[in-house]
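S.K.: Submitted below is the structure of interest, expressed as structure tokens.
The values are calculated or read from the model by the stated rules, or taken from the named source; none is laboratory data. All of these numbers come straight from a predicted model, not from anything done at the bench. Please note: Cβ atoms are built from the backbone with ideal geometry, for glycine as well, and neighbour counts cover all protein chains shown.
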Amino acid sequence: MTTDSRIEDITARIAARSKPHRDAYLDKIARAADDGPRRAHLSCSGQAHAYAGAGPDQDRLAKGRAPNLGIVTAYNDMLSAHAPFATYPELIKRVARDMGATAQVAGGVPAMCDGVTQGEIGMEMSLFSRDVIAMAAAVALSHNTFDAALYLGVCDKIVPGLVIAAASFGHIPAVFLPAGPMASGISNDEKAETRKRFATGDATREELMASEMAAYHGPGTCTFYGTANTNQMLMEFMGLHLPGASFVPPEGDLRTALTAEGTRRALAIAPQGEAGFTPAAHVLSEKAFVNGLVGLMATGGSTNLVLHLPAMARAAGIILTLEDFAEISAIVPLMARVYPNGLADVNHFHAAGGLGYMIGNLLDEGLLHADATTIAGDLTAYAADPKLDGDRVRWEPAPRDSLNDKILRPASDPFQKTGGLQQLSGNLGQGVIKISAVAEDNQLIEAPARVFHDQDSVKAAFKAGELTGDIVFVVRFQGPRANGMPELHGLTPVLSVLQSRGQKVALVTDGRMSGASGKVPAAIHVAPEAADGGPIARIRDGEMVRLDARAGTLQVLGDDALSGPVAQVDLSPNRDGLGRELFETFRRAASPATSGASSIMTE
């Protein structure tokens, strides 16, 4: 298959920019591979410690000839997406044992839910949990007793954190095992309408609670196309899942068979395996990250990945910039309409042809690197659907035609000719906007600024009836160094209500917006952030702000624009309470949003 020359050029530029970092990374990985995760390197006492809890596998581990899989799990039973992982370790161990190998739970990593912490103090630790997860996974694997690793994780920060760890331990193979989406509940539009009615006082809390419980009602990932499901897409486009594994429901024989097959694949690509040694470092290549960016644009995925992908790539010695996102967005068409970009959820998307159809179509169009190394060989293996064959999995070619063109279309007849994300730049700095769900007449907003320093103040102004006319809401001091860069999802009902009243509204912030945001234009991740004295700290109430998503510009208008003093805000209330005091080092070390807002993946 021939790759589009524009995709080749972008990949070449990324590789050239990254070469010193990538060369150093691959050299480090080669040294680690030479040292090997061989258990025999441990002293007899060390090995005895490592095997003491392994029950029937102790003897096989002590002989040290068969592969040993390390399981890193984000299991907890508070989060619906991770609850299914409770049964995975025993299944993995049983399958490994049947293959003459072994598996051990290397360790657990935390998994928090942005849906639970929206508008709460915990959200200020959410983004940095990605770095904690990466470090926790590194601790789990640091015993150096594993020949390959299985990563059990799904949601917003968990998968990016696990990928950073997989890159750091890139000398061993990495296979990611998903859990799948929950069954569809009430429609997303119905849920959103109840939220708007509650914001205006037209719905009771009891009605709101009933609506939310009808939407989030069982095990599995939330079914809208937010960050969690964007992560699952990404793992498939980047070749870290088995083909077609992302959106198979958690309850059922096919999901069990896929988990078993993932275990067998990890054993097959381990150093002792029969399929050829495939360390994670070889999968996490420049081509894989470009394929991930293509998937992000083609599906209209979450803006949070604009933070996560640079951090993940940096862990593998690859430097991604906002320009890479913008260039790929300009080339790749939007092929899917999944809520919040449409009425369908991921179950409907999967039934319409899903990722197998999309990858096959994008390969045909030359918009993906077909020869990228994956855990299944190369990317052509992913234009396929898994089917149950007894208790095993076989793969069939994915549909060549969409089964519902209101949800899924070919690249030759897309919903939009360009992807769902746009880079913004101007005298306010750099940022991004998700435009796949923004109506065309709302993609250009020019209105006076109304400046706030937290989302609660916006809500208070709304309740007081102060928010009249066209407004660009500037919500600043929400960046990683200010307060950990929480999502401002709590603003969505307020902004949606104002927009539905006919007002032209937009949001400009150095914080994040939910991966499920969409219809209200939002310039997010603005950098430099206010806490670093960025231009956003100089905006004054009433100054005219122009947000032009089509042109990719974000600026304050007027001869004396941004001539005011840098705003000074007391950030001490963000420094302690509910564990925030433990994250002061993370806030101080955080890199700009443009390079991933990470405290560990910095230059």
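S.K.: Tell me, yes or no, whether the range 229-244 has at least one residue that is acidic (Asp, Glu) and in contact (Cβ under 8 Å) with a residue 24 or more places away in the chain. Even if it seems obvious, please write down each step before you answer.
M.R.: Start the filter on the range 229-244 by keeping residues that are acidic (Asp, Glu), which leaves 236.
So of that shortlist, the ones also in contact (Cβ under 8 Å) with a residue 24 or more places away in the chain come out as 236.
Yes - at least one qualifying residue is present in the range 229-244.
S.K.: Given the conditions (1) touching a residue at least 24 places away in the same chain (Cβ under 8 Å); (2) in the same structural domain as Asn361 (by TED's automatic domain parsing), report the number of the one that Thr11 does not fulfil.
M.R.: Failed condition: (2).
S.K.: Only one of Gly64, Gly108, Gly115 is in contact (Cβ under 8 Å) with a residue 24 or more places away in the chain, surrounded by 13 or more Cβ atoms within 10 Å (Cβ to Cβ) and over 28 Å from the mean Cα position of the chain (by Cα). Can you tell me which?
M.R.: Gly64
S.K.: Considering Ser80, Ser129, which residue is more than 28 Å from Gly53 (Cα to Cα), at pLDDT 95 or above, crowded, with 21+ Cβ neighbours inside 10 Å and polar (S, T, N, Q)?
M.R.: Only one candidate qualifies: Ser129.
S.K.: Hydrophobic (A, V, I, L, M, F, W, C), outside any strand (DSSP E or B), in contact with a Ser or Thr (Cβ under 8 Å, 6 or more places away or on another chain) and assigned by TED's automatic domain parsing to the domain that holds Leu309, is that true of Val95?
M.R.: Against the criterion (hydrophobic (A, V, I, L, M, F, W, C), outside any strand (DSSP E or B), in contact with a Ser or Thr (Cβ under 8 Å, 6 or more places away or on another chain) and assigned by TED's automatic domain parsing to the domain that holds Leu309), Val95 qualifies.
S.K.: Also, I was wondering about something else. Would you tally the residues in the range 1-55 being surrounded by fewer than 12 Cβ atoms within 10 Å (Cβ to Cβ) and among the hydroxyl-bearing types (Ser, Thr, Tyr)?
M.R.: So the answer is 4.
S.K.: Taking only the range 377-406 into account, find how many residues are crowded, with 21+ Cβ neighbours inside 10 Å and over 18 Å from Val248 (Cα atoms).
M.R.: 1
S.K.: Could you figure out which of (1) crowded, with 24+ Cβ neighbours inside 10 Å; (2) in contact with a Gly (Cβ under 6 Å, 6 or more places away or on another chain) isn't true of Arg255?
M.R.: If we test Arg255 against (1) crowded, with 24+ Cβ neighbours inside 10 Å; (2) in contact with a Gly (Cβ under 6 Å, 6 or more places away or on another chain), just (1) comes out false.
S.K.: Restricting attention to the range 564-599, which residues are among the hydroxyl-bearing types (Ser, Thr, Tyr), part of a helix (DSSP H, G or I) and under 28 Å from Met312 (Cβ atoms)?
M.R.: Thr585, Thr594, Ser595
S.K.: Among Asp378, Asp385, Asp401, which is the only one that is at pLDDT 95 or above and either under 24 Å from Glu8 (Cα atoms) or among the β-branched types (Val, Ile, Thr) (or both)?
M.R.: Asp378
S.K.: While we're on this one: Restricting to the range 184-228, name every residue that is among the acidic types (Asp, Glu), touching a residue at least 60 places away in the same chain (Cβ under 8 Å) and outside any helix (DSSP H, G or I).
M.R.: Of everything in the range 184-228, nothing turns out to be among the acidic types (Asp, Glu), touching a residue at least 60 places away in the same chain (Cβ under 8 Å) and outside any helix (DSSP H, G or I).
S.K.: Is there a residue being within 18 Å of Thr303 (Cα to Cα) and outside the structural domain of Val132 (by TED's automatic domain parsing) anywhere in the range 563-580?
M.R.: no
S.K.: Next question. When the range 386-422 is examined, which residues are found to be polar (S, T, N, Q) and either assigned to a loop (DSSP other than H, G, I, E, B) or more than 27 Å from the chain's Cα centre (by Cα) (or both)?
M.R.: Ser402, Asn404, Ser412, Thr418
S.K.: Sticking with this structure for a sec: Scanning for something out of contact with any helix residue (DSSP H, G or I) (no Cβ under 7 Å at 6 or more places or on another chain) and without any contact (Cβ under 8 Å) to a residue 60 or more places away in the chain, does the range 77-85 turn up at least one residue?
M.R.: Taking every residue of the range 77-85 in turn, at least one turns out to be out of contact with any helix residue (DSSP H, G or I) (no Cβ under 7 Å at 6 or more places or on another chain) and without any contact (Cβ under 8 Å) to a residue 60 or more places away in the chain.
S.K.: Next up: Of all the residues that make up the range 431-444, how many are touching a Leu at 6+ places or on another chain (Cβ under 8 Å) and either surrounded by fewer than 22 Cβ atoms within 10 Å (Cβ to Cβ) or not in a strand (DSSP E or B) (or both)? Steps first, please.
M.R.: Residues of the range 431-444 that are touching a Leu at 6+ places or on another chain (Cβ under 8 Å), as a first pass: 431-436, 444.
From what is left, the residues that are either surrounded by fewer than 22 Cβ atoms within 10 Å (Cβ to Cβ) or not in a strand (DSSP E or B) (or both) are 435-436, 444.
Adding up the residues that qualify gives 3.
S.K.: Just checking: which of the helices (runs of 4 or more DSSP H) contained wholly in the range 271-325 hold 3 or more residues that are within 17 Å of the chain's Cα centre (by Cα)?
M.R.: Ranges flagged: 286-299, 305-315.
S.K.: Residues that are touching a Gly at 6+ places or on another chain (Cβ under 9 Å), of a type in the set (Gly, Ala, Ser), farther than 30 Å from Glu323 by Cβ and assigned to a helix (DSSP H, G or I): does the range 46-67 have at least one?
M.R.: No.
S.K.: Against the conditions (1) closer than 28 Å to Leu293 by Cβ; (2) modelled with pLDDT of 95 or more, where does His489 fall short? Just the number, please.
M.R.: Status for His489: all satisfied but (2).
S.K.: Hey, Gly552 hits all of (1) at pLDDT below 95; (2) under 30 Å from the mean Cα position of the chain (by Cα); (3) farther than 26 Å from Val438 by Cα but one; which does it fall short on?
M.R.: All conditions are met except number (3).
S.K.: Now for a different question. Looking at Ala281, Ala266, Ala298, Ala270 in this structure, which one is among the aliphatic types (A, V, I, L, M), more than 25 Å from Trp395 (Cα to Cα) and buried (at least 24 other Cβ atoms within 10 Å of the Cβ)?
M.R.: On the way: Ala266 fails: more than 25 Å from Trp395 (Cα to Cα); Ala298 fails: more than 25 Å from Trp395 (Cα to Cα); Ala270 fails: more than 25 Å from Trp395 (Cα to Cα).
Exactly one of Ala281, Ala266, Ala298, Ala270 is among the aliphatic types (A, V, I, L, M), more than 25 Å from Trp395 (Cα to Cα) and buried (at least 24 other Cβ atoms within 10 Å of the Cβ), namely Ala281.
S.K.: Working only within the range 342-366, note down all residues that are of a type in the set (A, V, I, L, M), buried (at least 24 other Cβ atoms within 10 Å of the Cβ) and part of a helix (DSSP H, G or I).
M.R.: Answer for the range 342-366, where residues must be of a type in the set (A, V, I, L, M), buried (at least 24 other Cβ atoms within 10 Å of the Cβ) and part of a helix (DSSP H, G or I): Val346, Leu355, Met358, Ile359, Leu362.
S.K.: Also, quick follow-up: Any residue in the range 549-557 that is touching a helix residue (DSSP H, G or I) at 6+ places or on another chain (Cβ under 8 Å) and among the charged types (D, E, K, R)?
M.R.: Taking every residue of the range 549-557 in turn, none turns out to be touching a helix residue (DSSP H, G or I) at 6+ places or on another chain (Cβ under 8 Å) and among the charged types (D, E, K, R).
S.K.: Just wondering, is there one or more residues in the range 151-171 that are in contact with a Phe, Trp or Tyr (Cβ under 6 Å, 6 or more places away or on another chain), surrounded by 18 or more Cβ atoms within 10 Å (Cβ to Cβ) and within 23 Å of Arg501 (Cα to Cα)? Quick ask: steps written out before the conclusion?
M.R.: Step one: filter the range 151-171 for residues in contact with a Phe, Trp or Tyr (Cβ under 6 Å, 6 or more places away or on another chain), giving 151-152, 162.
Narrowing the set further to residues that are surrounded by 18 or more Cβ atoms within 10 Å (Cβ to Cβ) leaves 151-152, 162.
Checking which are within 23 Å of Arg501 (Cα to Cα) leaves us with none.
No, the range 151-171 contains no residue that is in contact with a Phe, Trp or Tyr (Cβ under 6 Å, 6 or more places away or on another chain), surrounded by 18 or more Cβ atoms within 10 Å (Cβ to Cβ) and within 23 Å of Arg501 (Cα to Cα).
S.K.: Considering only the range 105-172, give the helices (runs of 4 or more DSSP H) lying wholly within it that have at least 3 residues that are in contact with a Lys or Arg (Cβ under 8 Å, 6 or more places away or on another chain).
M.R.: In the range 105-172, 126-141, 158-168 are the helices (runs of 4 or more DSSP H) which contain 3 or more residues that are in contact with a Lys or Arg (Cβ under 8 Å, 6 or more places away or on another chain).
S.K.: If you check Val545, Val505, which single one turns out to be touching a residue at least 60 places away in the same chain (Cβ under 8 Å) and within 20 Å of Glu487 (Cβ to Cβ)?
M.R.: Val505
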